[in-house]
Structure formats: C-alpha cells, structure tokens
Amino acid sequence: MVALTFPDGARREYPDHITGLDIAKGISPSLAKRTVAMALDGTLADLADPIEKDAKIEFVSREDPRALELIRHDAAHVLAEAVQSLWPGTQVTIGPVIENGFYYDFFRNQPFTPEDFAAIEKKMCEIIARDKPFTKEVWSREKAKQVFRDKGEGFKVELIDAIPEDQSLKIYKQGDWFDLCRGPHMTSTGKVGNAFKLMKVAGAYWRGNSDNPMLTRIYGTAFAKQEELDAYLKQLEEAEKRDHRKLGRELDLFHFQEEGPGVVFWHAKGWTLFQAIIAYMRRRLAGDYDEVNAPQMLDKSLWETSGHWDWYRESMFAAQSAGDEAEDKRWFAIKPMNCPGHVQIFKHGLKSYRDLPVRLAEFGVVHRYEPSGAMHGLLRVRGFTQDDAHIFCTEAQLADECLKINDLILSVYADFGFESDLVIKLSTRPEKRVGSDASWDHAEAVMSKVLEQIAQRSGNRIKTSINPGEGAFYGPKFEYVLRDAIGRDWQCGTTQVDFNLPERFDAFYIDSDGSKKTPVMVHRAICGSLERFTGILLEHFAGHLPLWLAPKQAVVATITSDADDYAREVAKAARRLDLRVDADLRNEKINYKVREHSLAKVPALLVVGKKEAETRTVSIRRLGSEKQTVMPLDAALASLADEALPPDVKRMRQAA
RNA sequence: GCCGGGUUAGCUCAGCCGGUAGAGCACUUGAUUUGUAAUCAAGGGGUCGGGGGUUCGAAUCCCUCACCCGGCACCA
C-alpha cells in the first residue's frame, strides 16, 4: 500500500502501483479529464505513472503554471512529428523547453526556412486535433539503438550512448510517432492547445560543439491561453522598440559603417552620454584609485609573457610600420587588455609593502578581433573602453579588497537604476589554464569565502551561484549579473583574482622583513565594456534617460519670434547652471517643435511665448507627459539643475 | 567562424514572372508668427552594397567578396 497526501491535507491509502489517473478517476471523472499531469512531492510526473511510495500528490491542470513547461515540451514533440511527416528522412535530435518556449533541432540537408512554418503549424494543429495519448515505454538500450538505427536516426543512437548506464531509456509515443525522451508529458497531444507559434529558424551545432555538424533549429513558443501568447508577442514588439541600435540611429547617438566593422562612430549626443558615464565613474574612483593610461600598442613580447599571445592570438590585432623600408618591422600588439600595461606601471620603481594596495584604474580602449558573427551593435564590438582596474595587494589584503570592490559595484549599479535581482556567479578553474593547482585551490577558496560574505552582508538579497570551469585562464572570477527593466539579464562587472600574471612579469614588493614578495593581482571592471554598458542603459531606459545622463537635458522652444530674446536668455541661464540645453527658435508651430523634441526624447521642454517672456516664466513639459507647468524662470531652472545632478554628487551635497 | 536571411534616397520601405527606379518622412527654398506630438507649396537627391558572369537588355537570374540581421559557437 502507498499513502498519498492530497493538497487539502487528506491522506489516503492506495494499492501499490496505482496510477495517478486511476486515483483521479476515483475522485471524479471531471478531475481525471482536466488533469494533464501530477506532481509527487512537488516533482512533475506522468499521470499514468504507477505510484510506488508514499508522497504528497497534486493533480496538475493545464492552467497550472507548472503545466506550461509540459505544454511546451509536448509542443516540441508535436513539432518533431509534424516535420518528420512533412519531410520524411529528416532526423530528429533534441527538443528541450527553454526560457520563453522550446526548440527542436533537426538534421536535414536542406535547412528549413520561415516559409515552411505555415505548413508545419498546420500539420501540428492536425496532430493536436487528433489528440493521441502520450504513452511511455521503457526500452532496453539494445532495442532502442536497433530501432533508431533502422530508422536512420544516427543522432538518436548517439544520444542513447550518452545516457548513463543506470538510467532507463524512456520512449514516449503519441500515436504512431515516438521519441526518446526523459519526460514527463501530458496525457495527450490535444492538451497542447492552439496557443503556439513557430518563431524562427537558426543553425545550431550538434551538441553545442562547433566541430560537429550544423543542425537546423526551429524555435517556437506555446502558452496555455491565446491571450498569453498574444501578450508575449506584444512584449517582443516592445523589446524591439527599445533596441539600442534603433535608438542609436533615431536619437543620433552613434553609427557603424562597413569600413569599421565592430568599431563605433560616436556622434556628439552619444559621446556626451558616454562621457557622462565616465565622469561619474571617475568621481566614484577618486580617493581610492589612481587613474593611469597604458600604451595602446606594445611589443608582442609583453603579450607572450602574459600568456595572451598563446591563448588569444587569433583574437588579437597586431600592427607594424606600414612603410616598406621601415627599420623597425617589429610586431606590436594592439592591447586587448590593460593588465600587462598596469603591471609595467606597478613594476616601475621599487614598491614597499607600505604602498599596498596599489589600485590602478584606466578607462583604456582595448581591441579584440571578435568573430564576425559575434558582433552586435554596442553590445559586442571590436574596439571598446573598459572601466578597468588592477589592484596589487598582499594575500592578507585580498579578501578585503574583493569586498571593497563589491561595495563599489553594488552602489554603482544602484545609481544607474539596477537595484534588484542581482546575481553574482563564481567562475572556477577552466580546463585550459596557467598556474599550479595549489594556487587555484587557494584562489578559489578565498573567493568562495568572499562570495558567502557578500551574500550574507546583502541579507541574502543577492543571489549567488557557481559557474564551474568558466574562470579566466589566469584565475577564478566573480561575474556580476544585473537585470534590466524588462527582465533581461546582463553580465557586466567582474572581479578576477590572479596569482599568475604578477609572477610571470616578476612583479614584486619589499615586505616588512626586507624580502621580495609577489603581490596578488585583482582584475576588476564594473560596467565592463562602457560601449556595451551604454547600450544596456539605452535599452533599460528605452532611450528615456534620466536627466543626469540625457545628452540634451532640455530644449527652450519659442511659440513666436517675439520670445526669441527671452528664449536665448533662458538657455544662457540654464547653461550657467551646467544644464545641457538648446534653444529652438525656428519659425515652426509649437506642435511641430513639441513633437520633434519628444521623438528625440528630450527630457524637458521649456516652452516660452509672449506671456512667459512678459512674466519671466517658462512652461515646462516633461517627456512622456502632456501636462504643462508654468513656473518662474529661476525656480524652474533651479529645480531642473537639482534633478540633473548625478546621484553621487547629490549624495555628497546632501552629506555636506 | 558556422547555418539561414538580408543590403534600393539621410531614415522607413515598395518595385510581380528580367525592359536601365518610386512613396512617405527628412533636406533645400518660398510663404506662414503659430500656445504644447506633423502648416502649405515648390525643388534637389539613388552608377539599386562592391566585383564578375548569363542575356539584345539585370535592382530583378547565377557566382564571389564585404557588411548587416536571427541563432549557434566564442567572449582574456
């Protein structure tokens, strides 16, 4: 007998091997009908599974949030059946559920195109309408391999070989069609419903390895209800509207062109925004860091010493004299990182333990030859500016330095409007690395402890996790992941502990006992790539930047030319308060001007007509609002100037 | 880098099966002095991404290169 506890707390005994379906039927036929799966002790399972031990049982209906992944998973199977019935000979591989839907990878000589979607979706609807039950069978390894081999499904055979020996092989049938799958599934294909949509096709390597054949992946999404699907599609449209590449063009911030793949042409307004971010970061570093600047190009020998030449040569740019007759035809590497340069600065002159920690910061421009397919607007470029720093310290100072960096990172993110849903990941030693296991053991131990402390100090507000094998080649790292206004995650900051580079470069300090010691080096970035961070900010704010970041903070717009002199006066007074202001004296209707500056996302419009000129007031209209507020000029400007203060400056003023 | 799709005026896009280019916005000029998201009119602007091929004839078909987009792989 098994004892099952129901959600209402009732506990009943049933014979061994009874299935969820039998129990549901026993309770009521309507329950059995609307139940698509069950959860045993919180774990989803097939409703037809026999129950072998005592558990808490819940019947999951199609509307249950937990059913969503089942709907999507089942939809992936339906997709696979549809594709194989339309194009026999297409091999199936895997079809998992992902964040916003599902995909299925197929192998076929002729890739699919979105034009095939209509036919596939039609076939999927047929399969769903047929409403065949999902049934599960457990096959022996031999039988499964034989069956799939006979069907010409080579990829499935490979998958079977990869399944650990102690796991049984489950086959799910939906009518005649079947697939190897770990499940669980709903009771029948009809439960998928019609709120699904195929989204896009893409190439994807078999098992994620670029040495393997390329498969065709079909992405789709599915929801319990049509309204949810519609809402999701709407949300995608919204995300498209805040695409920073679109905003960059519309707001005249930057552009790219063919001659410079992956390098940004910053226009005046974009550069103003970019510089506002750097100016903010500089203020945040003042007092703790020394800002330096290391050369853009250095003899490649330095990169050989650091290990970058070995590790990343394919991803580096190098330059030499363009003259055929030049005496010095050495290769200079254009810096892909600032660290070797900073080590040279540290090494210049003898350092005492009393000098440590030495914190060298640089807003250095680095170049990396990113794979052509990786480039993406500002988010992935070949030339970018890092808010980089390297801290040279003693072992004893290491943990404190990491915590100090953490404090700075969190407070910077908060100032930019990223306060919640922060995740910090610890990436540990990769397979390919430099340095002894002992030094990695040590570095990882220190960082694990620091990570714990960070989580504790945040009151467990910050989530932490481990990324095994994802560390840099010279040391483990923390990765700071923030979440934007529409729920997307971005990895920005990083803290990397490095016991290797200082040693490779023979960097040392004189300890209190007069001996030479190798310092520990911490690499850290807060925004990471400032180009990328600018792109993230644009998408986060949908181009509607807070006043302190907006490149054009206000426009003074006249209604008639009678107000021209006054408008000039207003603009001048605003500039005296360090506001970034333009005057729009064109002979245009105020409607026209309002529309134009609103589209340009200017945060504040100061409209002046005859009335305002006579009373020395301005009519303020804020972006996103139709409301107008008439205020005396001085008060209006003072309030704007106050709002335009960067958050750190505001804090300092308030403290003073 | 790999797979697929794309590149037509400053921007957004049309141009069917081959017959040497079009719209709206923007721009320039003129008129309009206007009260909170587009005033009217006229005008200028493209060797259809580059190169090659097929053809009497190519924006259109084929090849190739570059760049862009969606994924994959990569991201010191």
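The values are calculated or read from the model by the stated rules, or taken from the named source; none is laboratory data. If you're wondering where the values come from, they're calculated on a predicted model, not measured in any experiment. All Cβ positions, even for glycine, are placed from backbone atoms using ideal geometry, and neighbour counts span all protein chains on display. Surface accessibility is based on the protein's heavy atoms, side chains included, excluding ligands, DNA and RNA. Shrake-Rupley method; radii C 1.70, N 1.55, O 1.52, S 1.80 Å.
Below is a table of values for the structure above.
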read-out	value
Mean residue ellipticity (222 nm) of chain A, computed from DSSP H runs ≥ 4 via -39,500 (n - 2.57), nearest 500	-11000 deg cm²/dmol
Calculated SAXS-style log₁₀ I(q)/I(0) at q = 0.05, 0.10, 0.11, 0.12 Å⁻¹ - chain A, Debye, Cα scatterers	-0.35, -1.14, -1.22, -1.28
Highest-first arrangement of A:186-195, A:550-559, where packing means the average Cβ count within 10 Å	A:550-559, A:186-195
Cα lying deepest toward the dipole's positive end in chain A, options A:Phe256, A:Pro164, A:Thr385, charges on Cβ	A:Phe256
Accessible-area composition of the stretch A:254-540, carbon plus sulfur, in percent [1.4 Å probe]	49 percent
The stretch A:554-655 - percent of accessible surface contributed by carbon and sulfur, probe 1.4 Å	50 percent
Helix A:141-150 axis, angle to chain A major axis (alpha carbon atoms, nearest 10°)	80 degrees
Cα centroid separation, the stretch A:368-393 to the stretch A:482-520 (Å)	18 Å
Degrees between helix A:590-599 axis and first principal axis of chain A (Cα, 0 to 90, nearest 10)	60 degrees
Contour excess over end-to-end distance, with Cα ends at A:Thr43 and A:Asp513 and 0.36 nm allotted per residue	163.1 nm
Residue-span extension gain [A:Glu452 to A:Ser61] - 0.36 nm each, minus C-alpha spacing	136.8 nm
Among A:295-303, A:164-172, the order from most to least packed when residues are scored by Cβ within 10 Å on average	A:295-303, A:164-172
Angle in degrees between helix A:437-457 and the longest Cα principal axis of chain A, rounded to the nearest 10	80 degrees
Rel. contact order, % - alpha carbon contacts under 8 angstrom, at least six apart, the stretch A:554-655	28 percent
Integer Hz, Karplus 6.51/-1.76/1.60 couplings in order for the stretch A:346-354, x for Gly and Pro	4, 6, 6, x, 6, 9, 9, 4, 5
Pairwise centroid distance, computed over Cα atoms, of the stretch A:582-600 with the stretch A:82-110, Å	53 Å
Above-threshold pairs, the threshold being 27 Å between Cα atoms, out of A:Lys404/A:Lys463; A:Lys170/A:Lys432; A:Lys122/A:Lys241; A:Lys191/A:Lys234; A:Lys572/A:Lys601	A:Lys170/A:Lys432; A:Lys122/A:Lys241
Backbone HN-Hα couplings from phi across the stretch A:124-131 [Karplus 6.51/-1.76/1.60, Hz, Gly and Pro as x]	4, 4, 4, 5, 5, 5, 4, 6
Lys/Arg +1, Asp/Glu -1 at C-beta; chain A dipole; positive extreme among A:Pro647, A:Phe148, A:Ala80	A:Pro647
Separation between Cα centres of the stretch A:445-476 and the stretch A:287-326, rounded to whole Å	31 Å
Total charge dipole magnitude, chain A, about the Cα centre, Cβ charges on Lys, Arg, Asp, Glu only, Debye to nearest 20	1220 debye
Accessible solvent surface per residue of chain A, calculated while the other protein chains remain in place, 1.4 angstrom probe, Å²	48 Å²
Dipole of chain A, positive end: most advanced residue of A:Pro336, A:Thr93, A:Gln491 [Cβ charges, Cα centre]	A:Gln491
Long-range HN-HN contacts of A:Gly609 with modeled amide H, under 5 Å	A:Ile559
Chain A, relative contact order [Cα under 8 Å, separation at least 6], %	9 percent
